[in-house]
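Data first, discussion second: the structure below is written as structure tokens.
The values are calculated or read from the model by the stated rules, or taken from the named source; none is laboratory data. All values derive from a computational prediction rather than experimental measurement. So basically every Cβ, Gly included, is an ideal-geometry build from the backbone, and we count neighbours across all protein chains shown.
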Amino acid sequence: MTSGHGYEVMLTLGTGLGFAHYADGVLLPKIEVSATPFTKNLTFDQALGHHVRREIGDRRWTTRVLRGLRRLHAIYYWDNCYLGGGGAKHLTRPVDAWATVVGNEAGLLGGVRLWDDPPGNVADAQRTVLLQTAAVGASADPAPRATVGSPATR
């Protein structure tokens, strides 16, 4: 789905918020944006997931999504942003000019494209993690996560 030029971000709206980023078409290492604070009491997942959209309605949810997009753009300052996933079809008004709403099929094609990248790049490492996760089970976390105050974050 990416143009292959500049810094691009793919955000997906579903049960939570998915995030992938690319530099000149190369998939960059994972950043867990979904667990970062959206408000004092909510993460991006909790504020933008399907469950909250159903609870507060599409119009209020769209306002939240647009607010979240602007916050993320201020941090990552991408050249292009593609907004997809199953929730994108529920947006009730247009997104900002630096974002493009894409169909859910774009994510499927992007997943297939991951297998086309040459071995040894970041996408190759991502494939390895996906395969390890599939071998262990869909709910397995292939890598331990560092927490604030743990040795990995000091």
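I'd like the full set of residues that are of a type in the set (A, V, I, L, M, F, W, C) and out of contact with any strand residue (DSSP E or B) (no Cβ under 8 Å at 6 or more places or on another chain), limited to the stretch 28-67.
Those that are of a type in the set (A, V, I, L, M, F, W, C) and out of contact with any strand residue (DSSP E or B) (no Cβ under 8 Å at 6 or more places or on another chain): Phe38, Leu42, Ala47, Val52, Ile56, Trp61, Leu66.
Residues that are of a type outside the set (Lys, Arg), at pLDDT below 80 and over 17 Å from Ser3 (Cβ atoms): list the helices (runs of 4 or more DSSP H) wholly contained in the stretch 54-142 that include at least 3 such residues. Talk me through it step by step, then tell me what you get.
Working: elements: 58-76, 105-113, 122-136.
Where helices (runs of 4 or more DSSP H) fall fully within the stretch 54-142 and carry at least 3 residues being of a type outside the set (Lys, Arg), at pLDDT below 80 and over 17 Å from Ser3 (Cβ atoms), they are 105-113, 122-136.
Those residues that are in contact with a helix residue (DSSP H, G or I) (Cβ under 8 Å, 6 or more places away or on another chain) and either hydrophobic (A, V, I, L, M, F, W, C) or in contact (Cβ under 8 Å) with a residue 60 or more places away in the chain (or both), I need them from the stretch 3-19; list them, please.
Tyr7, Val9, Met10, Leu11, Thr12, Leu13, Gly14, Leu17, Gly18, Phe19
Over 20 Å from Ala97 (Cα atoms), in contact with a helix residue (DSSP H, G or I) (Cβ under 7 Å, 6 or more places away or on another chain), touching a residue at least 60 places away in the same chain (Cβ under 8 Å) and not aromatic (Phe, Trp, Tyr) - does that describe any residue in the stretch 30-42? Reasoning before the result, please.
If we filter the stretch 30-42 for residues that are over 20 Å from Ala97 (Cα atoms), which is where we start, we get 30-42.
Narrowing the set further to residues that are in contact with a helix residue (DSSP H, G or I) (Cβ under 7 Å, 6 or more places away or on another chain) leaves 33-36, 38-39.
From what's left, touching a residue at least 60 places away in the same chain (Cβ under 8 Å): none.
Taking every residue of the stretch 30-42 in turn, none turns out to be over 20 Å from Ala97 (Cα atoms), in contact with a helix residue (DSSP H, G or I) (Cβ under 7 Å, 6 or more places away or on another chain), touching a residue at least 60 places away in the same chain (Cβ under 8 Å) and not aromatic (Phe, Trp, Tyr).
Filter the stretch 85-105 for residues that are loosely packed, with under 14 Cβ neighbours inside 10 Å and of a type outside the set (Val, Ile, Thr); which is nearest to the chain's Cα centre (by Cα)?
Among residues in the stretch 85-105 that are loosely packed, with under 14 Cβ neighbours inside 10 Å and of a type outside the set (Val, Ile, Thr), the one nearest to the chain's Cα centre (by Cα) is Gly86.
Go through the stretch 8-20 and give me each residue that's more than 17 Å from Arg70 (Cβ to Cβ) and surrounded by fewer than 21 Cβ atoms within 10 Å (Cβ to Cβ).
Once the filter is applied, which keeps residues that are more than 17 Å from Arg70 (Cβ to Cβ) and surrounded by fewer than 21 Cβ atoms within 10 Å (Cβ to Cβ), the stretch 8-20 yields Gly14, Thr15, Gly18.
Would a scan of the stretch 62-84 turn up a residue that is β-branched (Val, Ile, Thr), surrounded by 13 or more Cβ atoms within 10 Å (Cβ to Cβ) and within 15 Å of the chain's Cα centre (by Cα)?
yes
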